[in-house]
1. If Asp138 satisfies all but one of (1) out of contact with any strand residue (DSSP E or B) (no Cβ under 8 Å at 6 or more places or on another chain); (2) not assigned by TED's automatic domain parsing to the domain that holds Val40, what's the number of the condition it fails?
2. Could you tell me how many of the residues in the range 249-275 are among the polar types (S, T, N, Q) and more than 23 Å from the chain's Cα centre (by Cα)?
3. Condition test on Leu148, is it surrounded by 12 or more Cβ atoms within 10 Å (Cβ to Cβ) and either hydroxyl-bearing (Ser, Thr, Tyr) or touching a Pro at 6+ places or on another chain (Cβ under 9 Å) (or both)?
4. Condition check: over 27 Å from Pro28 (Cα atoms), at pLDDT below 90, loosely packed, with under 14 Cβ neighbours inside 10 Å and more than 19 Å from the chain's Cα centre (by Cα). Does Pro237 satisfy that?
Amino acid sequence: MDIPNTTATIPQAPPDFRSGFVAIVGRPNVGKSTLMNQLVGQKIAITSPVAQTTRNRLQGIVTTPTCQMILLDTPGIHKPHHELGRVLVKNAIQAIHSVDLIVFLVDSSATLGRGDQFVVDLLQKSDGPVVVGLNKQDQQPPDQREELNASYETLTEDHGWPCFKFSALTGEGLSDFQSVLETRLEPGPYYYPPDLVTDQPERFIMGELIREQILLLTRQEVPHSVAIAIEKVEETPQRTNVFAAITVERGSQKGIIIGQKGSMLQAIGSAARQQIQKLISGDVYLKLFVKVEPKWRQSRQQLLEFGYRVEE
């Protein structure tokens, strides 16, 4: 993966080059991170079947010969139940008002719901252009396809928002959708070097890959009470040594993550290590520790320490 390099040269954009910032917004679990990964062409955002996976406003960078899109993968917009949730929703809403184009992503395998309508109400307060992505076309029951698509198309027609159908998981229809996004951006410069795919440091991505495995392997048992801190990274000629702390809110959650005789922690570490090796293209030794910090999601100070803050 190409990571930020402050010494890299940003070239002069050719004539008629287009660029801009594009926010991907929607309710939880509609496929925002999957869409970003597909458009970028490699994995930079974690995905899981658990709703509200994305926490930070991750930027992915897509550069073609004619365009550079900076994609903002925002947390799912939902009714928050703790300080962390309030921070996440504020950041997602902030993104709506700070970009050149908004992709309103919906799960078209299910009918339009109140969560989607809540996002629509927020988008109405934005001055930016909106395009609607009907994701998960591959998961629609064939006998309900027309009805499901129509429920969203009727809504978007009322607001004059163009609608596009695709599957972020399979990639079907995404090439045309990407072309549409490019044409809706204004002429502009390169914001980042052309070979960069994200503005996030490598340590952040490492932490997210560990958190992804916890979400995948523990599912609802430890849904969102987990924070990851990469405490140390040591580079040696043979391998990269990564030391990470997993923080949970209760002792019972710590027991679940460690598992019987350490079996769950070993499984999390093994799967995360394989993903981190792909990230850095080299051998990795990963050491995980688990600690308990009661109600850390309610503490503004601890949220800041874990990197969760309201974006300006």
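The values are calculated or read from the model by the stated rules, or taken from the named source; none is laboratory data. None of the values given here were measured: they were computed from a predicted structure. Note that each Cβ is placed from the backbone with ideal geometry, even for glycine, and that neighbours are counted across all protein chains shown.
1. (2)
2. 5
3. yes
4. Yes; evaluated as a whole, the condition is true for this residue.
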